[in-house]
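All remarks here apply to the structure that follows.
The values are calculated or read from the model by the stated rules, or taken from the named source; none is laboratory data. Remember, it's a predicted structure, so these values are computed and weren't measured experimentally. Here the Cβ is made from the backbone with ideal geometry for all residues, glycine too, and neighbour counts use every protein chain on show.
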Amino acid sequence: MDLSKPATAVVPSADADVLTVVAGTTRALTGREIQRLSGRSLQAVQNILKRMVAHGLLEVLEAGSAQLYRLNRDHVAADAAVALLDLRGRLFERIRQQLKQWPMPPAAAAVFGSAARGDGDPASDIDVLVVRPENVDETDRLWAGAVDDLARSILRWSGNRASIIQVTPAQISDMMHRNEPIVASLRRDSVLLTDTSPLTTPERAGSER
Amino acid sequence: MSARETPRTATCTKADAGVRLDQARKFEEVAELVQTEADVLSSAANVAASLAVLAGIAASDAACCAALGRRSRAQDHRAAADLLRQIAPAGDLAAAKLERLVDLKDTAQYGVIYVSAADLRTAMRLAKGLVEFAAGVVSRR
């Protein structure tokens, strides 16, 4: 899945762009506004709007000489259009739910890199940082099995390979002291998968000692 | 200016949304740094809360630019909340967060009383929620 435009996994890219715009607001928009927000040509947008209006998915409002378009949220297809808006969010939510089932819960976890930024392409890895509690060994069978399961699930849910990095709170602390690029990436673009941020785990581990 | 544009809003682009989101994150990050000083220096709480408010306002602009192609230019930040409310889904929740955050603004920036620890925590939580909301809206496409 292209996490910069997840809806293109389901509908052609121009349609996905227009649907994302109209499903993303309750405001009625002009064709030109939809064109500007979608980044598509006016001709392409007009053709898509015409088709969606014909199917009843969009309603048309007259405002003087202008025509305004708004998603008809009562349409049976409206829920599907809205769901396309948040495919990334749904993917992250599934990961959160799986992490909650781990026999040894991670101290923290986050998606970072291109998946967190919402760019990349269908071939991009989904980068996940998992903070392993200090008392859990990397080779622990239950822990290692849970990590492998998560990687398989992410591939199944998205079509993207997961790149799962495991660190302990002490290692995170070292990475922060060395100002490693991954720390900047976590600060800038991460999506938390747990209530705790990976960057606060050294502090917490310290206060628990 | 199009027929529908009012003087209280300005058109903006996806690139503008990215710039405002970066600013929001930076305000939030500095607010967190200053928050750590608030335990020992009461006035630091006001500075941290002010930064949290700025983070929330920048995040709101980012979300509005990305979803609506316009942002509020009104002095009254409640107009920005009205725009946020037009974003779907969850624009109404984001608008409520901004309104609560802006309620703290005057105390934080101009008040002669110190922002309490509880209010600061609330401001940080609201700002964080708005930044997360904006990040989600900006990355939709």
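Within segment A:148-174, the set of residues being over 20 Å from the mean Cα position of the chain (by Cα) and either surrounded by fewer than 19 Cβ atoms within 10 Å (Cβ to Cβ) or not in a helix (DSSP H, G or I) (or both) comprises A:148, A:166, A:167, A:168, A:170, A:171, A:173, A:174.
In summary, helices (runs of 4 or more DSSP H) completely within segment B:30-141 and bearing 3 or more residues that are polar (S, T, N, Q) and away from chain A (no Cβ under 14 Å) occur at B:42-68.
Any residue at all in segment A:43-51 that is on the phi < 0 side of the Ramachandran plot, at the interface with chain B (Cβ under 8 Å from one of its Cβ atoms) and without any contact (Cβ under 8 Å) to a residue 40 or more places away in the chain? No, segment A:43-51 contains no residue that is on the phi < 0 side of the Ramachandran plot, at the interface with chain B (Cβ under 8 Å from one of its Cβ atoms) and without any contact (Cβ under 8 Å) to a residue 40 or more places away in the chain. Sub-7 Å Cβ pairs linking a first residue in segment B:38-62 that is without any contact (Cβ under 8 Å) to a residue 12 or more places away in the chain to a second residue that is not polar (S, T, N, Q), at least 6 apart or interchain, are B:44/B:34; B:44/B:37; B:44/B:38, ordered by first then second residue. Taken as a whole, the structure places residue A:137 among residues that are acidic (Asp, Glu) and away from every other protein chain (no Cβ under 14 Å). Residue A:65 satisfies every condition listed in (1) among the polar types (S, T, N, Q); (2) within 10 Å of chain B (Cβ to nearest Cβ); (3) under 17 Å from residue A:20 (Cα atoms) except (3).
Count of segment A:106-138 residues, restricted to those that are within 20 Å of residue A:157 (Cβ to Cβ), in a loop (DSSP other than H, G, I, E, B) and in contact (Cβ under 8 Å) with a residue 40 or more places away in the chain, is 8.
Taken together, A:11, A:53 contain a single residue that is outside the structural domain of residue A:125 (by TED's automatic domain parsing), aliphatic (A, V, I, L, M) and over 27 Å from the mean Cα position of the chain (by Cα), which is A:53.
Let's see how each residue does on (1) under 26 Å from residue B:82 (Cβ atoms); (2) in contact with a His (Cβ under 7 Å, 6 or more places away or on another chain); (3) more than 10 Å from chain B (Cβ to nearest Cβ):
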| residue | (1), (2), (3) |
| --- | --- |
| A:5 | no, no, no |
| A:10 | no, no, yes |
| A:15 | no, no, yes |
| A:20 | yes, no, no |
| A:23 | yes, no, no |
| A:32 | yes, no, no |
| A:37 | yes, no, no |
